[in-house]
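Colleague: The structure's right below; bear with me while I get my questions together.
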Amino acid sequence: MVTLSVTRSRIAGVLRGAEQLLAVEGWDPLTNPIMSAIDRAAGYVPGKGGTDAERTTLDAWETLTEHLGVASVSHWEREPDRSPLQVLAALNGAASKTVTG
């Protein structure tokens with residue numbers, strides 16, 4: 001079994017990359033959700049991606065979930081009146097917190 005370690009700076013970079021993707025493309029919880037942006041920022045393609053990209057994606061998801069204090073990012077982003085600015089701020093905040101610890 002191979003054990004992978006993903007650095008905090010890599011996770012922060014993926015979260016910031018997801019933030020940038022959503023800022024440019026526009027966030028939509030159904031057609032362009034946070035998790036999809038995280039996957040793309042990590043270079044992970046489900047079913048085709050490498051283990052490093054998959055581990056990075058999972059760690060970034062977990063980091064964002066912990067930052068938000070929720071059980072599910074998907075449920076959080078689909079709450080009524082959730083705004084694109086809140087989504088971008090959540091990704092930015094999680095990335096900043098990851099680097100500063």
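The values are calculated or read from the model by the stated rules, or taken from the named source; none is laboratory data. Just so it is clear, the structure is predicted and the values come from calculations on it, not from any experiment. Cβ sites come from the backbone with ideal geometry, for glycine too, and all protein chains shown count toward neighbours. Accessible surface is based on the protein model in full, side chains and every heavy atom, while ligands, DNA and RNA are left aside. Shrake-Rupley method; radii C 1.70, N 1.55, O 1.52, S 1.80 Å.
Colleague: Output the residues belonging to the range 34-55 that are among the basic types (Lys, Arg) and either at pLDDT 90 or above or within 18 Å of residue 9 (Cα to Cα) (or both).
Modeller: Across the range 34-55, the qualifying residues are 40, 55.
Colleague: Which of (1) part of a loop (DSSP other than H, G, I, E, B); (2) among the small types (Gly, Ala, Ser); (3) open to solvent by less than 70 Å² (accessible area, probe 1.4 Å) does residue 41 not meet, given it meets every other one?
Modeller: All conditions are met except number (1).
Colleague: Same structure, new question: Report, by residue number, each residue of the range 80-101 that is open to solvent by less than 40 Å² (accessible area, probe 1.4 Å) and in a loop (DSSP other than H, G, I, E, B).
Modeller: 83
Colleague: Among the candidates 62, 77, 66, 54, which residue alone is surrounded by 20 or more Cβ atoms within 10 Å (Cβ to Cβ) and charged (D, E, K, R)?
Modeller: From the options 62, 77, 66, 54, the qualifying one is 77.
Colleague: Does residue 58 satisfy being within 10 Å of the chain's Cα centre (by Cα), modelled with pLDDT under 95 and not aromatic (Phe, Trp, Tyr)?
Modeller: Numbers: within 10 Å of the chain's Cα centre (by Cα): yes; modelled with pLDDT under 95: yes; not aromatic (Phe, Trp, Tyr): yes.
It is true that residue 58 is within 10 Å of the chain's Cα centre (by Cα), modelled with pLDDT under 95 and not aromatic (Phe, Trp, Tyr).
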